[in-house]
1. Mind telling me which of the residues B:G115, B:G94 ends up being more than 10 Å from every other protein chain (Cβ to nearest Cβ) and farther than 17 Å from B:R20 by Cα?
2. Residue under question is A:S32, and the condition is that it be at pLDDT below 95 and surrounded by 15 or more Cβ atoms within 10 Å (Cβ to Cβ); does it hold?
3. Name the residue that is farthest from B:G116 (Cα to Cα), counting only residues in segment B:36-65 that are surrounded by fewer than 19 Cβ atoms within 10 Å (Cβ to Cβ) and among the small types (G, A, S).
4. I'm told A:I56 meets every condition in (1) more than 30 Å from B:G123 (Cβ to Cβ); (2) surrounded by fewer than 24 Cβ atoms within 10 Å (Cβ to Cβ); (3) modelled with pLDDT of 95 or more except one. Can you identify the failing condition by its number?
5. Take segment B:51-83 and flag every residue that is within 7 Å of chain A (Cβ to nearest Cβ), touching a residue at least 40 places away in the same chain (Cβ under 8 Å) and not aromatic (F, W, Y).
6. Between a first residue in segment B:107-126 that is in a helix (DSSP H, G or I) and a second residue that is among the aromatic types (F, W, Y), which pairs have beta carbons less than 9 Å apart while being 6 or more apart in sequence or on different chains?
7. Could you say which residue among A:G73, A:G88, A:G83 is in contact (Cβ under 8 Å) with a residue 60 or more places away in the chain, of a type outside the set (A, V, I, L, M) and surrounded by 16 or more Cβ atoms within 10 Å (Cβ to Cβ)?
Amino acid sequence: MKKDLLPVAIGGAVGTALRILLDIMLSLIFFSVSLVSLIVINALGALLLGFVVAGIWTRPKTPHWMKLAVGPGVLGGFTTFSGIMLQGLFVQNPWATAGYLALSIGTSLFAALLGIWLGTPFATKKATRKVAKR
Amino acid sequence: MNFLSLFLAIIAGGIGASLRYASTVILPAKKDGFPLAILMVNTVGSLLVGLFTAMLANAVLMPEVGFVLVAGFCGGFTTMSTFAVDSIERLRAGHWMVAGLNIVGSTALGLLAVGGGYLLGGGPLS
């Protein structure tokens, strides 16, 4: 496990940097707070993870360290659960909190589904090519 | 936020991600089983975020330190991408109970934890 921690740590640092920078940029476009930007960030991260997990990572040749660096590393560090909960707390109205959490988690779940759906064709591509060659 | 706090936040995010990964290795989820490690990580991270925010509001923490802990550590430690993909994979495999329990449980515990952490830190109530 010790060997596995390095790619996760480096990936996590990269993901955190990307999240902070994108959060600042998106907060300038939308509101001055992270309400909207965190939804966008989480949806993007969930979409990309679903895409690779269902697609190219099913190929046996994908290096283990790359999966670790990108999965729990970059995308895990990029997306945040605690940030969403904090924004939900700050809304300070029970209905708005419930609505915000439902919207945030709903968009992430939908993005993951979309990512898996978009990624699945890439999982079989190589296998079908091999069959065609033979 | 200055350059140093941004740099330290990025390092803290890497440490948070490593701790999250270690938790999933110590407490591995079976295929299509309940992803307990991620639920625990997200709950603990939410508690910490509430606690740090209250300490920030009470000026116990310097804003720069708060930024490193909240945006850096807690942000890197907790994850939405793995939670979402785990839930959808279980839904697609037909494990509705596991997926539903994970989605509702994570959200409810996360909200309780962030509120609890905020109260624990003596955050001002408006």
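The values are calculated or read from the model by the stated rules, or taken from the named source; none is laboratory data. Here the structure is a predicted model, which is why all the values come from computation and not from measurement. Cβ placement follows ideal geometry from the backbone for every residue including glycine, while neighbour counts extend to all protein chains displayed.
1. Values: B:G115 fails: more than 10 Å from every other protein chain (Cβ to nearest Cβ).
Checking each option against the conditions leaves just B:G94.
2. On the way: at pLDDT below 95: yes; surrounded by 15 or more Cβ atoms within 10 Å (Cβ to Cβ): no.
The answer is no for A:S32.
3. In the first step, residues of segment B:36-65 are kept if they are surrounded by fewer than 19 Cβ atoms within 10 Å (Cβ to Cβ); the result is B:36, B:40, B:57-60, B:62-65.
With the extra rule that they be among the small types (G, A, S), the set shrinks to B:57, B:59.
On the way: B:A57: 15, B:A59: 19 Å.
Checked segment B:36-65; the qualifying residue farthest from B:G116 (Cα to Cα) is B:A59.
4. Looking at each condition in turn, A:I56 falls short on (3).
5. Listed by number, the residues that qualify are B:T53, B:A71, B:G72, B:C74, B:G75, B:G76, B:T78, B:T79, B:T82.
6. B:G110/A:F81; B:G117/B:F52
7. Details: A:G88 fails: in contact (Cβ under 8 Å) with a residue 60 or more places away in the chain; A:G83 fails: in contact (Cβ under 8 Å) with a residue 60 or more places away in the chain.
Matching residue, one of A:G73, A:G88, A:G83: A:G73.
For every residue, the table says whether it meets (1) over 14 Å from the mean Cα position of the chain (by Cα); (2) surrounded by fewer than 16 Cβ atoms within 10 Å (Cβ to Cβ); (3) not β-branched (V, I, T).
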position: B:F73; (1), (2), (3): no, no, yes
position: B:V85; (1), (2), (3): yes, no, no
position: B:H95; (1), (2), (3): yes, no, yes
position: B:A108; (1), (2), (3): no, yes, yes
